Amino acid sequence: MFWHDQTKVGNYDAAIRIPERLYGRLAERQCKTLDRFTARYGYRPDGEQRARLALFPTSTAARTARCR
């Protein structure tokens with residue numbers, strides 16, 4: 001299941017059933033994103049930073065968005 005927030009206030013109360021293959025791809029991408037962050041900044045992001053990371057960043061967002 002993929003849980004998401006319909007209210008935009010952090011209340012994850014809606015779920016969508018997704019195939020196991022897609023779940024695996026998303027989990028793989030999360031690892032890649034975390035590895036790239038670590039390589040760039042030299043540390044693993046904390047909970048708040050990790051929540052703000054883009055799973056599939058664009059080249060435009062990568063230049064303007066900085067995780068601190």
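Throughout, read-outs are computed from the coordinates displayed, never taken from laboratory work. What you see is a predicted model; the values in this text were computed from it and never measured. Here the Cβ is made from the backbone with ideal geometry for all residues, glycine too, and neighbour counts use every protein chain on show.
Suppose the chain between ALA54 and ASP35 were pulled fully straight at 0.36 nm per residue; how much longer would it get relative to their current alpha carbon spacing? Intermediate values should be presented prior to the final figure.
Values: separation 19, 0.36 × 19 = 6.84 nm, distance 1.30 nm.
Between ALA54 and ASP35, full extension yields an extra 5.5 nm.
How much net charge surrounds CYS31 when only other residues with a Cβ under 13 Å from its Cβ are counted (Lys, Arg +1; Asp, Glu -1)?
+4
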